[in-house]
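These notes are about the structure you will find just below.
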Amino acid sequence: MKIREDVIQQLIAQARRDAPDESCGYLLGTGDEVTENYPMENIDHSPEHFSFAPRDQFAALKYARTNGLTILANWHSHPASPSRPSQEDLRLANDPAIRYAILSLQDDELRLNSFKILNGEVIDKEIHL
C-alpha cells in the first residue's frame, strides 16, 4: 500500500491534535494507493485504545462509495508506544481485506507502519514513515 505524503501529514496533524488520546480513521483510495484520510472520533477518548464512532463509520462508507473509493486500511495512533499492533489490536483486527496502520508518536520519533493481520497474527508489515 502506498500512502501519499499529504495524507501522512494529515495523520500526523490529527494524531498530535488528539494526543494524549489515540486518534483514528480510515485510509481511502483506489488500487493500492491511499489518497485520503477519513478522520473519525475515538469515542473511547483513551490514550491506550480506540473505538470508532458508528456514525463516522457509516458516513465513511457512504463517502467512499459515492466517490469511487475503497477503504484500504483503518488507522490509529499510539501516542506513547511503538508502531506495532498491541494484543488488543490483533484481537480486534477482523477484516482480512484491509490493512491496519499505526502511527507512533513515541518520543517524538514518528513511525507509520501498516500490517496485514489474519487470525490475530501479523502476516505482512509495510513501513511508510
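The values are calculated or read from the model by the stated rules, or taken from the named source; none is laboratory data. These numbers were taken from a predicted model, which means no experiment stands behind them. Cβ: placed from backbone, ideal geometry, glycine included. Neighbour counts: every protein chain shown.
If you go through the stretch 30-54 and pick out every residue that is aliphatic (A, V, I, L, M) and part of a strand (DSSP E or B), you end up with 2.
Restricting LEU11, LEU27 to those that are hydrophobic (A, V, I, L, M, F, W, C), buried (at least 24 other Cβ atoms within 10 Å of the Cβ) and touching a Gly at 6+ places or on another chain (Cβ under 9 Å) reduces the list to LEU11. If you go through the stretch 41-99 and pick out every residue that is in contact with a strand residue (DSSP E or B) (Cβ under 7 Å, 6 or more places away or on another chain) and acidic (Asp, Glu), you end up with 2. If the condition is being over 20 Å from PHE52 (Cβ atoms), surrounded by fewer than 16 Cβ atoms within 10 Å (Cβ to Cβ) and not acidic (Asp, Glu), then the stretch 77-128 contributes ALA80, PRO82, ARG84, GLN106, LEU118, ASN119, ILE123, LYS125, ILE127. Total residues in the stretch 55-87 satisfying the condition of being hydroxyl-bearing (Ser, Thr, Tyr) and part of a strand (DSSP E or B): the figure is 2. Does GLU22 qualify as being farther than 23 Å from ASN119 by Cβ, buried (at least 19 other Cβ atoms within 10 Å of the Cβ) and acidic (Asp, Glu)? Yes: the conditions hold for GLU22. Contact annotation: residue pairs with Cβ atoms under 6 Å, 6 or more positions apart or on different chains, pairing a residue in the stretch 65-86 that is among the aromatic types (Phe, Trp, Tyr) with a partner that is at pLDDT 95 or above, are TRP75/GLY25; TRP75/LEU27; TRP75/ALA101.
With respect to (1) more than 15 Å from the chain's Cα centre (by Cα); (2) surrounded by 15 or more Cβ atoms within 10 Å (Cβ to Cβ); (3) closer than 19 Å to VAL122 by Cβ, the lone exception for ASN74 is condition (1). Between LEU27, LEU90, the distinction of being under 24 Å from GLU121 (Cα atoms) and part of a strand (DSSP E or B) belongs to LEU27 only.
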